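To start, the structure itself, in structure tokens.
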Amino acid sequence: MATGLQRINPLTAFLAILLTTSACDTPSPAPPVKPSTQGTAASDAESSDASATTSSAGPEVVGPAPVDLHDVDWTNTPAPGEFCGVKGLVRFDAQSEARAKSTVWGPVRVRRGTEVLYGDTDGDNRDEAVVYVGCDDNGKTQNAQIAAGYVVYGRAGKNLVVIGSITPRQSGQYSTALVGAEFAPGRIVVHEKWYRTNDPHCCPTGDATTVWTREDNRLTPGDPRITS
């Protein structure tokens, strides 16, 4: 009497081999692309992966733009919440704060900085603007800040648009802070303050700079350079 193995007909065996070969040749899916990433801090995991870009549909419109961005009413201008894991635009109250839900930290408080930085990066003799945004866990822990970034605004015709978001690139034992930006044709040089191993939570001692290159409406970070 034939065994079970011997009873397999040639067609069945051929199909089994064909399915096995096809499975081996199928490429693995690429890892998902994280939205742009990582004022003061983004978590190390978030900031190391974050980079700022705009979608293929073009930069996001957030309102009308005056001829000079120095005249924008920033109090009533929304900001993207991606730096804190918040989907969509965040609209602030009179105290420049908003409550939102982060996909990373849950309920958070988002804040907008009062100082706006200006400079020309595309050579049209009109300034773009950088606005600091940060978020915390709304008092749940002692963390004063859990994520932050710079939102870069520009003009597209008569519209005020978001060119991208800038987040810290140099990591340390706590979240790295953004402490300034300088504008030049085709780039923004961002200054970061990072925590060395023995730094207390109050006082980071490391300094670094990251050059973000602008091509059309796309921002791409270089590697951070430690300066002290």
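For ARG169, state whether it is under 23 Å from ALA129 (Cα atoms), in a loop (DSSP other than H, G, I, E, B) and of a type outside the set (Gly, Ala, Ser).
Yes.
If you scan the range 147-166, which residues turn out to be within 29 Å of PRO200 (Cβ to Cβ) and either in contact with a Cys (Cβ under 6 Å, 6 or more places away or on another chain) or among the charged types (D, E, K, R) (or both)?
Answer for the range 147-166, where residues must be within 29 Å of PRO200 (Cβ to Cβ) and either in contact with a Cys (Cβ under 6 Å, 6 or more places away or on another chain) or among the charged types (D, E, K, R) (or both): just ALA147.
Give the residues of the range 143-185 that are under 22 Å from ARG225 (Cβ atoms), over 19 Å from the mean Cα position of the chain (by Cα) and among the small types (Gly, Ala, Ser), sorted by residue number.
Matches in the range 143-185: ALA184 only.
Can you spot a residue in the range 111-124 that is touching a helix residue (DSSP H, G or I) at 6+ places or on another chain (Cβ under 8 Å), at pLDDT 95 or above and crowded, with 21+ Cβ neighbours inside 10 Å?
So far as the range 111-124 goes, yes, one or more of its residues are touching a helix residue (DSSP H, G or I) at 6+ places or on another chain (Cβ under 8 Å), at pLDDT 95 or above and crowded, with 21+ Cβ neighbours inside 10 Å.
Rundown of residues vs (1) touching a Lys or Arg at 6+ places or on another chain (Cβ under 6 Å); (2) surrounded by fewer than 20 Cβ atoms within 10 Å (Cβ to Cβ); (3) farther than 27 Å from PRO78 by Cβ; (4) not aromatic (Phe, Trp, Tyr), yes/no style:
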position: ILE163; (1), (2), (3), (4): no, no, no, yes
position: GLN170; (1), (2), (3), (4): no, no, yes, yes
position: LEU178; (1), (2), (3), (4): no, no, no, yes
position: TRP212; (1), (2), (3), (4): no, no, no, no
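Being farther than 23 Å from GLY81 by Cα and part of a strand (DSSP E or B) is true for just one of ASP124, ASP223, ASP207. Which residue is that?
On the way: ASP124 fails: part of a strand (DSSP E or B); ASP223 fails: part of a strand (DSSP E or B).
One residue alone meets the criteria, ASP207.
Is one or more of the residues making up the range 195-202 under 21 Å from PRO224 (Cα atoms) and in a strand (DSSP E or B)?
no
When residues of the range 80-110 are filtered for being under 13 Å from SER165 (Cβ atoms) and buried (at least 21 other Cβ atoms within 10 Å of the Cβ), how many remain?
9
Can you find, within the range 193-210, the residue that is nearest to ASP122 (Cα to Cα) among those that are surrounded by 13 or more Cβ atoms within 10 Å (Cβ to Cβ) and in contact with a Gly (Cβ under 8 Å, 6 or more places away or on another chain)?
The extreme case among them is THR210.
In this structure, is TYR153 in contact with a helix residue (DSSP H, G or I) (Cβ under 8 Å, 6 or more places away or on another chain), surrounded by 16 or more Cβ atoms within 10 Å (Cβ to Cβ), hydroxyl-bearing (Ser, Thr, Tyr) and not in a loop (DSSP other than H, G, I, E, B)? Full working, then the answer.
On the way: in contact with a helix residue (DSSP H, G or I) (Cβ under 8 Å, 6 or more places away or on another chain): yes; surrounded by 16 or more Cβ atoms within 10 Å (Cβ to Cβ): yes; hydroxyl-bearing (Ser, Thr, Tyr): yes; not in a loop (DSSP other than H, G, I, E, B): yes.
It is true that TYR153 is in contact with a helix residue (DSSP H, G or I) (Cβ under 8 Å, 6 or more places away or on another chain), surrounded by 16 or more Cβ atoms within 10 Å (Cβ to Cβ), hydroxyl-bearing (Ser, Thr, Tyr) and not in a loop (DSSP other than H, G, I, E, B).
Please give the number of the condition ASP216 fails out of (1) at pLDDT below 90; (2) more than 23 Å from HIS70 (Cα to Cα).
Only one criterion is unmet by ASP216, namely (2).
The values are calculated or read from the model by the stated rules, or taken from the named source; none is laboratory data. Just so it is clear, the model here is predicted, and its values are computed rather than measured. Glycine gets a Cβ as well: all are built from the backbone with ideal geometry, and neighbour counts include every protein chain shown.
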